[in-house]
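Here the structure is laid out as C-alpha cells; the discussion comes afterwards.
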Amino acid sequence: MFYEDLVEDTGREVERLCSFLGLSISAEQREKITKGVQFDAMKQNKMTNYSTLPVMDFKISPFMRKGKVGDWKNLFTVAQNEQFDEVYKVKMKNTTLKFRTEI
Ligand SMILES: *[C@@H]1O[C@H](CO)[C@@H](O)[C@H](O)[C@H]1NC(C)=O
Ligand SMILES: *[C@@H]1O[C@H](CO)[C@@H](O)[C@H](O)[C@H]1NC(C)=O
C-alpha cells in the first residue's frame, strides 16, 4: 500500500486490502475504516499518534505532521533532493517497487 494511493481514494484502497486478505466487509464497516484511517483522525487518535509512547519529543515535531503528499518539496533543498536520489538509487537498486511522490 502507498500513502499517496490512500489519500487519493481511501475506500478503493480499503477494498484492495480486504481483497488481498480475503475478507468481505459490509459497506458500513468499510465506511468506518475509511473514516478512521484518515490522516486527521489518526492524528487525533492516541492509539496511532504516539502520544502514549515516551519515545517522541513532540516539542521537536509531532509523530504525525501534516500528511500532505508532496510536502517534501517545501522542505528539501535541490541539493538535498539530489543527495536523496543518489542514496535511493544505491539502496533501492533491487526493488521493483514504484513509489509515487505526488497525486
Ligand atoms: C494524540 O491524541 C490525543 C488523544 O486524542 C490528543 O489529545 C493529542 O493532542 C494527540 N497528539 C498529537 C500530537 O496530535
Ligand atoms: C542487490 O542484489 C545483489 C544480487 O543479489 C546483491 O549482491 C546486492 O547486495 C543487492 N543490493 C542491495 C542494495 O540490496
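FYI, it's all coordinate maths here, none of it is from the lab. The structure displayed is predicted, hence computed values, not measured ones. In this analysis, Cβ positions are derived from the backbone assuming ideal geometry, glycine residues included, and neighbour counts consider all displayed protein chains.
Excluding same-chain neighbours fewer than eight residues apart, the lysines reachable from Lys32 by a Cα-Cα span under 28 Å are Lys43, Lys46, Lys66, Lys68.
For the range 1-47, the C-alpha radius of gyration sits at 1.14 times the compact-globule guess of 2.2 N^0.38 Å, with N the residue count. In a DSSP loop and with at most 14 other Cβ atoms within 10 Å, the trypsin sites (Lys or Arg not before Pro) in the range 1-83 are Lys46, Lys59, Arg65, Lys66, Lys68. Beyond 22 Å, the tail of the calculated P(r) for the range 3-91 holds 50 percent of the Cα pairs.
Relative to the longest principal axis of the Cα atoms of the chain, the long axis of helix 78-91 lies at roughly 70 degrees. Remark: the chain carries a charge dipole of roughly 240 debye about the Cα centre, counting +1 on each Lys and Arg Cβ and -1 on each Asp and Glu Cβ. A cut-off of 5 Å between modelled amide H atoms, ignoring neighbours fewer than 5 places along the same chain, links Met56 with no other residue. Note down the nm distance, to one decimal, between modelled labels 7 Å out along Cα→Cβ at Lys98 and at Arg65. If labels sit at Lys98 and Arg65, their model points lie 2.7 nm apart. For Lys93, the aspartates and glutamates whose Cα comes closer than 14 Å to its Cα, not counting residues fewer than 8 places off in the same chain, are Asp85.
Were the residues from Glu86 through Asn45 laid out at 0.36 nm apart, the gain over their Cα-Cα distance would be 11.1 nm.
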